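First comes the structure, then the notes that go with it.
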Amino acid sequence: MNKIPFIPSSRHFKKNLQLSLLALPAFLIIFVFSYLPMGGIFIAFKNINYSDGILRSPWVGLENIKFFFTSNDAWMVIRNTLLYNIVFIAVGTFLSVVFAIMLNEVIRRSWLKAYQTIFFFPYFFSWIIVAYMAYSFIGPYGILTTWIEKLGFESFDFYSETWVWPILLTLINIWKGLGYVSIIFYAGILGISQEYFEAAEIDGASRLQVIRNITVPLLMPLITIMTLLSIGKIFYSDFGLFFFVPREVGQLFPVTQVIDTYVYRMLKVSGDIGMSSAVGLFQSVMGFIVVLFSNYVVKRIDDDNKLF
């Protein structure tokens, strides 16, 4: 027998008036910044002429998207965006889960808040601050560069070597976001009923066995949801990370240029709003398709872990 979907009514909102008012700011933010901008989707199919205005500019259909895909850098920026995000999601999720388990199993309760604060604090840094911090380490006169020279090795210019930047960007991204994501997983661990751990202790299970057979399996629905939400933005990149940290060094573009920075630079040079809107629409549509496909795969494997 199929379940009838729950449809909230006015009586439901009146009964839960305080909760509804509490959620109202979030609904307004989502409506203003996520739904209202959808009205500008038609810009992606126009050749914007500033003299004629947005509404009277000529329609060009899919020419803006075609222009992007026929450019010399299209494959490069799509490749970089996807590969970076795949690495960020895989490595970041794994390390966040490991750190959350360490907070629960290893760290003493008296030191827990200190560790949480230390690892959570970098999340509040702006990317401009992070970029200057990185430059103070790997710049021509940075701390790490100076150490390399004092150890007797040949001077290494980080801003001219492309091979090292995929590693650097991954480390910087994980360093900045590890504390935030791990706190979410740590909260998920705290939500697991203590009866499971008590029963395992009575049965004589080791801490490693408890982690492998209780903590990780019961944390898997949350890991799946967080992964699916991250996959939804797999065609987007953190603009600040890829724009400010490499410091606009053209030699590094082959390994640091992603869709978001490419669109910004093209818009700054050409002023083509239609092309940038078309690429943004492409990112959104592809992200939507990837989420649907990923959720379908998860549903086929384990229906309980699906997002919707």
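The values are calculated or read from the model by the stated rules, or taken from the named source; none is laboratory data. Given the structure is predicted, the values throughout are model-derived calculations rather than measurements. With ideal geometry, Cβ positions are generated from the backbone for all residues, glycine too; neighbour counts draw on all protein chains shown. For accessibility, only protein heavy atoms count, side chains too; no ligands or nucleic acids. Shrake-Rupley method; radii C 1.70, N 1.55, O 1.52, S 1.80 Å.
Here is how the numbers come out for the structure above:
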{"item": "Criterion: at pLDDT below 90 and aromatic (Phe, Trp, Tyr) - qualifying residue of Phe288, Phe239, Phe244, Phe253", "result": "Phe288"}
{"item": "Restricting segment 203-220 to residues that are within 18 Å of Leu103 (Cβ to Cβ) and free of Cβ contacts under 8 Å to residues at least 12 places away in the same chain, the residue that is most open to solvent (accessible area, probe 1.4 Å)", "result": "Arg212"}
{"item": "Among residues of segment 145-163, those that are open to solvent by 70 Å² or more (accessible area, probe 1.4 Å), in a helix (DSSP H, G or I) and not basic (Lys, Arg), counted", "result": "2"}
{"item": "Any hit, segment 170-189, residues being open to solvent by 50 Å² or more (accessible area, probe 1.4 Å) and either farther than 25 Å from Ile86 by Cα or not in a helix (DSSP H, G or I) (or both)", "result": "no"}
{"item": "Filter result for Thr93 (surrounded by fewer than 13 Cβ atoms within 10 Å (Cβ to Cβ) and either polar (S, T, N, Q) or part of a loop (DSSP other than H, G, I, E, B) (or both))", "result": "no"}
{"item": "Yes/no for Gly142 being surrounded by 12 or more Cβ atoms within 10 Å (Cβ to Cβ), modelled with pLDDT under 90 and under 19 Å from Phe99 (Cβ atoms)", "result": "no"}
{"item": "Of all residues making up segment 106-126, the number that are of a type outside the set (Gly, Ala, Ser), in a helix (DSSP H, G or I) and open to solvent by less than 50 Å² (accessible area, probe 1.4 Å)", "result": "3"}
{"item": "Count of segment 39-61 residues which are surrounded by 10 or more Cβ atoms within 10 Å (Cβ to Cβ) and part of a helix (DSSP H, G or I)", "result": "7"}
{"item": "Close pairs (8 angstrom Cβ cut-off, 6 or more residues apart or separate chains): under 11 Å from Tyr236 (Cβ atoms) in segment 271-291, open to solvent by 40 Å² or more (accessible area, probe 1.4 Å) and assigned to a loop (DSSP other than H, G, I, E, B) anywhere", "result": "Gln283/Tyr236; Gly287/Lys233; Gly287/Tyr236"}
{"item": "Breaking point among (1) in a helix (DSSP H, G or I); (2) buried (at least 19 other Cβ atoms within 10 Å of the Cβ); (3) in contact (Cβ under 8 Å) with a residue 40 or more places away in the chain; (4) not hydroxyl-bearing (Ser, Thr, Tyr), for Val263", "result": "(3)"}
{"item": "Subset of segment 221-240 that is assigned to a loop (DSSP other than H, G, I, E, B) and open to solvent by 30 Å² or more (accessible area, probe 1.4 Å) - its residue that is nearest to Trp75 (Cα to Cα)", "result": "Tyr236"}
{"item": "Residues satisfying the stated conditions in segment 244-301, i.e. among the small types (Gly, Ala, Ser) and under 18 Å from Leu83 (Cβ atoms)", "result": "Gly287, Ser294"}
